[in-house]
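Novice: Shown below is the structure under consideration.
The values are calculated or read from the model by the stated rules, or taken from the named source; none is laboratory data. A quick note: this is a predicted structure, and the numbers were derived from the prediction, not measured. Methodologically, a virtual Cβ is constructed for each residue, glycine included, from the backbone with ideal geometry; neighbour enumeration extends over all protein chains shown. Side chains included, ligands, DNA and RNA excluded: accessible areas come from the protein's heavy atoms. Shrake-Rupley method; radii C 1.70, N 1.55, O 1.52, S 1.80 Å.
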Amino acid sequence: MQGNFVLLRAGTLRLLFPQRAVSTAEYLAARPVASGQPGLLVMAGEEDDGRRYAALSEDGTLLAACPAGRFIAATLPGDASGLAWCWDELRVLMDVSLQCLPLPPTLLLADSPFRHYTVIDGEVVFPASADQVSRLACSGVTP
């Protein structure tokens, strides 16, 4: 894989997207709070503008609350939900060449949206798409 990428981190979960797959990113001055709908978060004290947030756990499930370390929200244009996803880190990697490796057969789960990985700075990173993030969050499958 070669090109421009965005690395998004939620705890120890690291996902890699093509740069064009992340449309907007913003600093969260406050943490979103539970909305009353499981897994959906909103900004407290603001008019309900319909904007919803979500935060992934390290195992890829939706969290009921936004962890204290999440200070970046990014939207993914391929995600039909329109959610702004909350992350601990967003790093842009420009003009990099990465080796994409298949997951060993013993680690492949039938329901997992991930089939490959790469290593960046000694950490395992899963190449992903917005669809894969949504599938992961809705299925609760650990990558």
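Novice: Kindly indicate which of SER81, SER97 is among the small types (Gly, Ala, Ser), open to solvent by 40 Å² or more (accessible area, probe 1.4 Å) and over 20 Å from GLY3 (Cα atoms).
Specialist: Values: SER97 fails: over 20 Å from GLY3 (Cα atoms).
Just a single option satisfies the conditions, and that option is SER81.
Novice: Please specify each residue of the stretch 1-34 satisfying the condition of being within 17 Å of THR61 (Cβ to Cβ) and outside any strand (DSSP E or B).
Specialist: Those that are within 17 Å of THR61 (Cβ to Cβ) and outside any strand (DSSP E or B): GLY11, THR12, PRO32.
Novice: Let me spell it out: the conditions are (1) modelled with pLDDT under 90; (2) surrounded by fewer than 17 Cβ atoms within 10 Å (Cβ to Cβ); (3) part of a loop (DSSP other than H, G, I, E, B), and ASP131 meets all of them except one. Which number is the exception?
Specialist: (3)
Novice: Considering each of ASP88, ASP59, ASP111, ASP121 in turn, give the residue that is open to solvent by 20 Å² or more (accessible area, probe 1.4 Å) and at pLDDT 95 or above.
Specialist: Working: ASP59 fails: at pLDDT 95 or above; ASP111 fails: at pLDDT 95 or above; ASP121 fails: at pLDDT 95 or above.
Sole residue among the options that is open to solvent by 20 Å² or more (accessible area, probe 1.4 Å) and at pLDDT 95 or above: ASP88.
Novice: Answer with yes or no whether ALA73 is crowded, with 17+ Cβ neighbours inside 10 Å and either of a type in the set (Lys, Arg) or touching a Lys or Arg at 6+ places or on another chain (Cβ under 8 Å) (or both).
Specialist: no
Novice: Here's a follow-up. Given the criteria surrounded by 15 or more Cβ atoms within 10 Å (Cβ to Cβ), among the β-branched types (Val, Ile, Thr), in contact with a Pro (Cβ under 9 Å, 6 or more places away or on another chain) and in contact (Cβ under 8 Å) with a residue 60 or more places away in the chain, does VAL42 qualify?
Specialist: no
Novice: Still on this model: Filter the stretch 32-81 down to the residues that are under 12 Å from the mean Cα position of the chain (by Cα) and β-branched (Val, Ile, Thr) and list them by number.
Specialist: Of everything in the stretch 32-81, those that are under 12 Å from the mean Cα position of the chain (by Cα) and β-branched (Val, Ile, Thr) turn out to be THR61, ILE72, THR75.
Novice: Collect the residues in the stretch 77-95 that are part of a strand (DSSP E or B) and either touching a Pro at 6+ places or on another chain (Cβ under 9 Å) or not acidic (Asp, Glu) (or both), keeping them in residue-number order.
Specialist: Scanning the stretch 77-95 gives ALA84, TRP85, CYS86, TRP87, LEU90, ARG91, VAL92, LEU93, MET94.
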